[in-house]
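Data block below; observations after.
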Amino acid sequence: MKKVITYGTFDLLHWGHINILKRAKEMGDYLVVAISTDEFNRLKHKESYHSFENRKLILESIRYVDEVIAENNWDQKITDVQEHQIDTFVMGDDWAGEFDFLKEYCEVVYLSRTEGISTSQIKTELGKG
């Protein structure tokens, strides 16, 4: 079985998120999604609308996602890849090159983002209302 992992906050879920999850799942048989905990988001000076538990619940209901785990810090990726026996690490191409250090442990793929949508865009547009 080929296992794939991706990381993100996955707040204000939109079709761009669904596209990357679908494309990541197509690269293997089992998709693990690591989502930033509320504590980790605070360390990154990032605020989510939905709590970790609610974002986890939402992701677990998506047919492309087989398992959701917590992302607690920047440094856990090597451990996650090893413990979950990951074959392919997937991230959006806005992170291109940032995770190449994982190539020693698995394949690293950067997927293009979905044009015309982002969580930042949604937050900005909602703020105008």
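The values are calculated or read from the model by the stated rules, or taken from the named source; none is laboratory data. Just so it is clear, the model here is predicted, and its values are computed rather than measured. All Cβ positions, glycine included, derive from the backbone under ideal geometry; neighbour counts span all protein chains shown. Accessible surface areas use protein heavy atoms only, side chains included; no ligands, DNA or RNA. Shrake-Rupley method; radii C 1.70, N 1.55, O 1.52, S 1.80 Å.
Note on the chain: Rg/Rh from Cα positions, Kirkwood definition for Rh, rounded to two decimals, is 0.95. Once C-alpha pairs closer than 8 Å and six or more residues apart are averaged by separation and normalised to the residue number of the chain, the relative contact order reads 30 percent. Alpha carbon centre of the stretch 26-80 versus the stretch 88-128: separation in Å? The distance from the Cα centre of the stretch 26-80 to that of the stretch 88-128 comes to 14 Å. When MET27, MET1, MET91 are compared by accessible surface with a 1.4 Å probe, the order from highest to lowest is MET1, MET27, MET91. Mind checking which aspartates and glutamates have their C-alpha under 14 Å from LYS44, skipping anything on the same chain fewer than 8 residues away? Candidates past the 8-residue exclusion: GLU71, ASP75. Exposure check, 1.4 Å probe, all protein chains in place: LYS46 carries approximately 100 Å² of accessible surface.
Length gained on full extension, ILE122 to LYS46, computed as 0.36 nm times the residue gap minus the Cα-Cα distance: 25.9 nm.
If you take all other residues with their beta carbon under 14 Å from the beta carbon of TYR105, and give Lys and Arg +1 and Asp and Glu -1, the sum is -4.
Largest accessible area first, the residues LEU102, LEU12 order themselves as LEU12, LEU102 under a 1.4 Å probe with ligands, DNA and RNA left out. Split the chain at each of the GluC sites (Glu not before Pro) in a DSSP loop with at most 14 other beta carbon atoms within 10 Å, and the longest piece is 48-97.
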